[in-house]
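**Student:** Here's a structure for you.
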Amino acid sequence: DTGVSQNPRHKITKRGQNVTFRCDPISEHNRLYWYRQTLGQGPEFLTYFQNEAQLEKSRLLSDRFSAERPKGSFSTLEIQRTEQGDSAMYLCASSSDRGDQPQHFGDGTRLSIL
Amino acid sequence: AQSVSQHNHHVILSEAASLELGCNYSYGGTVNLFWYVQYPGQHLQLLLKYFSGDPLVKGIKGFEAEFIKSKFSFNLRKPSVQWSDTAEYFCAVTLPYGNNRLAFGKGNQVVVIP
């Protein structure tokens, strides 16, 4: 079990730039989730994939956000035209299909918008 | 609004003291309940989970939690904390519908003084 891998660990960018994060889930996990965590808050759900299909998106996910999981393995989260309010920790989690299996989290990507 | 509530965001206690962290949720119906822990510089890790059966569940590192359905609560306890328990603790619920996405509380920052 190599765990959920996310990169980069940190991203600093200027407002208005586009950024892309990558998540590599645990290899046998079909389900993949993205969450966002801001200071003093718990993680908030952004979107969910079952294999390559994006099955649910939160209202938090504005039009500037897009996520993909093209081959049902790794996933990318892109933010276009970044804004100050996008500064947060972006977490990826994966789990198997079994309903009683918990989600395993990666270390996250910390995004700072200058 | 549907939510997960954790009180006393900051908790400071001495080694060997007992710890209890409260968690209340406002979702109706069947829910799955979790406590995750985040040690400094590490990713979220599962402490324990409740899906069904015995409402008193035991997790790793001597932690336990009790599900009280009538009170919509899932409080976390440890009889005697250690310095290494310094971490942030998050209660989470998977919603009774949808894709097992987690809804988190705001977390409890616990500092154990040696």
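The values are calculated or read from the model by the stated rules, or taken from the named source; none is laboratory data. Computed from a prediction, not measured in an experiment: that's the story for all the values here. Note: ideal-geometry Cβ built from the backbone for every residue, glycine included; neighbour counts use all protein chains shown.
**Student:** Search the stretch A:95-114 for residues being touching a residue at least 40 places away in the same chain (Cβ under 8 Å) and of a type in the set (D, E, K, R), and hand back the single one that is farthest from A:Pro25 (Cα to Cα).
**Tutor:** A:Arg110
**Student:** A further question follows. With the structure loaded, tell me whether A:Leu55 is on the phi < 0 side of the Ramachandran plot, at the interface with chain B (Cβ under 10 Å from one of its Cβ atoms), modelled with pLDDT under 95 and surrounded by fewer than 14 Cβ atoms within 10 Å (Cβ to Cβ) or whether it fails that test.
**Tutor:** The answer is yes for A:Leu55.
**Student:** Related question: For the stretch B:1-46, give me each residue that is of a type in the set (A, V, I, L, M, F, W, C), more than 10 Å from chain A (Cβ to nearest Cβ) and within 12 Å of B:Leu76 (Cα to Cα). Full working, then the answer.
**Tutor:** Start the filter on the stretch B:1-46 by keeping residues that are of a type in the set (A, V, I, L, M, F, W, C), which leaves B:1, B:4, B:11-13, B:16-17, B:19, B:21, B:23, B:31, B:33-35, B:37, B:44, B:46.
Filter once more, so that each one left must be more than 10 Å from chain A (Cβ to nearest Cβ): B:1, B:11-13, B:16-17, B:19, B:21, B:23, B:31, B:33, B:35, B:37.
Of everything in the stretch B:1-46, those that are of a type in the set (A, V, I, L, M, F, W, C), more than 10 Å from chain A (Cβ to nearest Cβ) and within 12 Å of B:Leu76 (Cα to Cα) turn out to be B:Leu19, B:Leu21, B:Cys23, B:Leu33, B:Trp35, B:Val37.
**Student:** Let me ask something additional. Within the stretch B:23-44, take every residue that is farther than 30 Å from A:Gly3 by Cβ and not in a strand (DSSP E or B) and give me the one that is nearest to the chain's Cα centre (by Cα).
**Tutor:** Among those that are farther than 30 Å from A:Gly3 by Cβ and not in a strand (DSSP E or B), it is B:Ser26.
**Student:** Please state which of the following conditions A:Thr13 fails to meet, knowing it meets all the rest: (1) away from chain B (no Cβ under 12 Å); (2) more than 21 Å from A:Ser62 (Cβ to Cβ).
**Tutor:** Of (1) away from chain B (no Cβ under 12 Å); (2) more than 21 Å from A:Ser62 (Cβ to Cβ), only one is false for A:Thr13: (2).
**Student:** Hey, another quick one. Does any residue of the stretch A:69-82 turn out to be surrounded by 14 or more Cβ atoms within 10 Å (Cβ to Cβ) and of a type in the set (D, E, K, R)?
**Tutor:** Within the stretch A:69-82, one or more residues are surrounded by 14 or more Cβ atoms within 10 Å (Cβ to Cβ) and of a type in the set (D, E, K, R).
**Student:** Being in contact with a Lys or Arg (Cβ under 9 Å, 6 or more places away or on another chain), among the aliphatic types (A, V, I, L, M) and closer than 27 Å to A:Val4 by Cβ is the requirement here; does B:Leu47 meet it?
**Tutor:** Details: in contact with a Lys or Arg (Cβ under 9 Å, 6 or more places away or on another chain): yes; among the aliphatic types (A, V, I, L, M): yes; closer than 27 Å to A:Val4 by Cβ: yes.
Considered against the rule, which asks whether it is in contact with a Lys or Arg (Cβ under 9 Å, 6 or more places away or on another chain), among the aliphatic types (A, V, I, L, M) and closer than 27 Å to A:Val4 by Cβ, B:Leu47 comes out as yes.
**Student:** Suppose we filter B:Leu44, B:Leu19 for residues that are crowded, with 17+ Cβ neighbours inside 10 Å and over 29 Å from A:Cys92 (Cβ atoms); which single one remains? Walk me through it before giving the result.
**Tutor:** Details: B:Leu44 fails: over 29 Å from A:Cys92 (Cβ atoms).
That would be B:Leu19, the only listed residue that is crowded, with 17+ Cβ neighbours inside 10 Å and over 29 Å from A:Cys92 (Cβ atoms).
**Student:** Anything in the stretch A:15-38 that is among the basic types (Lys, Arg) and either more than 11 Å from the chain's Cα centre (by Cα) or over 24 Å from B:Val4 (Cβ atoms) (or both)? List them, or say none.
**Tutor:** Answer for the stretch A:15-38, where residues must be among the basic types (Lys, Arg) and either more than 11 Å from the chain's Cα centre (by Cα) or over 24 Å from B:Val4 (Cβ atoms) (or both): A:Arg15, A:Arg22, A:Arg31.
**Student:** For the stretch B:65-87, check the following and say yes or no: at least one residue is of a type in the set (Ser, Thr, Tyr), modelled with pLDDT under 95, under 13 Å from B:Asn32 (Cα atoms) and exposed (fewer than 12 other Cβ atoms within 10 Å of the Cβ).
**Tutor:** Checked the stretch B:65-87: no residue is of a type in the set (Ser, Thr, Tyr), modelled with pLDDT under 95, under 13 Å from B:Asn32 (Cα atoms) and exposed (fewer than 12 other Cβ atoms within 10 Å of the Cβ).
**Student:** Look at A:Gln41 and say whether it is at the interface with chain B (Cβ under 9 Å from one of its Cβ atoms), surrounded by fewer than 21 Cβ atoms within 10 Å (Cβ to Cβ) and over 15 Å from the mean Cα position of the chain (by Cα).
**Tutor:** Here the answer is yes, as A:Gln41 does meet what is asked.
**Student:** Another question about this same structure. Restricting to the stretch A:34-56, give me the number of residues that are over 12 Å from B:Leu102 (Cβ atoms) and aromatic (Phe, Trp, Tyr).
**Tutor:** Going through the stretch A:34-56 one residue at a time, the tally reaches 1.
**Student:** Looking for something in a loop (DSSP other than H, G, I, E, B) and aliphatic (A, V, I, L, M) - is there at least one such residue anywhere in the stretch B:68-89?
**Tutor:** Looking for residues that are in a loop (DSSP other than H, G, I, E, B) and aliphatic (A, V, I, L, M), one finds at least one in the stretch B:68-89, hence yes.
**Student:** If you check B:Phe72 against the conditions, is it out of contact with any Pro (no Cβ under 8 Å at 6 or more places or on another chain), more than 12 Å from chain A (Cβ to nearest Cβ) and not aliphatic (A, V, I, L, M)?
**Tutor:** yes
**Student:** Look at A:Leu77 and say whether it is touching a residue at least 40 places away in the same chain (Cβ under 8 Å) and not in a loop (DSSP other than H, G, I, E, B).
**Tutor:** So A:Leu77 passes the test.
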